[in-house]
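Beneath this line is the structure, given in structure tokens, with notes to follow.
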Amino acid sequence: MNHSKSLSVVTALAAIAFPATAATTENCAPLVQISFLEGAPVDRFIIKNSSEEFEISAMEINLASSRGRLIFDTINGGAGVEVFQPYKTVAGSARLAQAVSVSDGSENVGIRFESFPAGADYTFSIDVDDRLTASELGQIRVSGSEMEGAQASFDLVGKKGVAKRVTTSFGKDNEANVRNTACSS
């Protein structure tokens, strides 16, 4: 397949997954929103599937590009500082496809869902520490500027079965949003 045909196929798939219909304020709201809440000793990630047509089949949080050089601190005496907290489902109507395991000191967590339909949410707790020598709040607490740059990727499946992987980055507000591609940022 030549380059122009490949580009046409990718463009066509993107248009199916995220229709470029008239971008109104309503359909420019986040399709998926993920928020990080610092809460020493227990931090939380809250994921909301605000779309009307997409199910989340999987997601990944990658802290490698965070400004604070963040890691997950899941065991006592491990890579993190003082307090630790393993991965734990806290709330939400989404259902996991399998148990989630996060290695101490890891920069990644991958989650597969059996069901995470439009309108559902999911919250999990885990400890996140930074590895900066001079951090804003100390290494056991994470500020927004330290979370900035971390990435969240989502595997979305539309009502017609079209799948798409989208990646977004956390801002200084500790949030990352996936929006309709017809909308400006």
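Every number in this text was worked out from the coordinates using simple rules, so none of it is lab data. These numbers were taken from a predicted model, which means no experiment stands behind them. Positions of Cβ are backbone-derived with ideal geometry, glycine not excepted, and every protein chain shown enters the neighbour counts.
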Step through the residues of the range 85-90 one at a time and calculate ³J(HN,Hα) from phi using the Karplus curve (6.51 cos²θ - 1.76 cosθ + 1.60, θ = phi - 60°), rounding each to whole Hz and writing x for Gly and Pro.
-> 7, x, 4, 8, 5, 10
Could you name the aspartates and glutamates in cross-link range of Lys88, using Cα to Cα under 19 Å and dropping any fewer than eight places away on the same chain?
-> Glu38, Asp43, Glu60, Asp73, Asp104, Glu107, Glu114, Asp121, Asp127, Asp129
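For a distance above 13 Å, tell me the whole-number percent of Cα pairs in the range 59-112 that qualify. Numbers along the way, then the final one.
Details: 896 of 1431 pairs.
Result for the distance tail: 63 percent.
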For the range 146-159, in order, what is each residue's ³J(HN,Hα) by Karplus, 6.51 cos²θ - 1.76 cosθ + 1.60 with θ = phi - 60°, in whole Hz (x at glycine and Pro)?
-> 7, 6, 3, x, 4, 10, 10, 10, 10, 9, 10, 10, x, 4
For a footprinting-style exposure proxy, rank Val83, Val157, Val32 by other Cβ within 10 Å, fewest first.
-> Val83, Val157, Val32
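Considering only the other residues whose Cβ falls under 12 Å of the Cβ of Val157, what net charge follows from Lys and Arg at +1 and Asp and Glu at -1?
+1
Please rank Met147, Met59, fewest neighbouring Cβ atoms within 10 Å first, as an exposure proxy.
On the way: Met147 26, Met59 23.
Listing Met147, Met59 from fewest to most nearby Cβ atoms yields Met59, Met147.
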